[in-house]
Amino acid sequence: MLAHMDFDSNLFMEPRSTPNNPLKTADQVRDRIHVKHYSLQTEKQYIQWINR
């Protein structure tokens, strides 16, 4: 059990996009890939497909 948290738990709860600054498609895909723990090569390939 953790007696002390070394990070700000609110940091992970704040959205990266706002109505005035929406995330681009590639950034959204990158975020989802990181959440799902896909490999770096998969991320690179997906981003290449988006950029075509």
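Every number in this text was worked out from the coordinates using simple rules, so none of it is lab data. What you are looking at is a predicted structure, and each value in this text was computed from that prediction instead of being measured. Glycine also receives a Cβ, built like all others from the backbone with ideal geometry; neighbour counts cover every protein chain displayed.
The residues Ser39, Ser17, when put in order of fewest to most other Cβ atoms within 10 Å, stand as Ser39, Ser17.
In this rough spin-label picture, where each label sits 7 Å from Cα along the Cβ direction, the Gln45-Asn21 distance is 3.3 nm.
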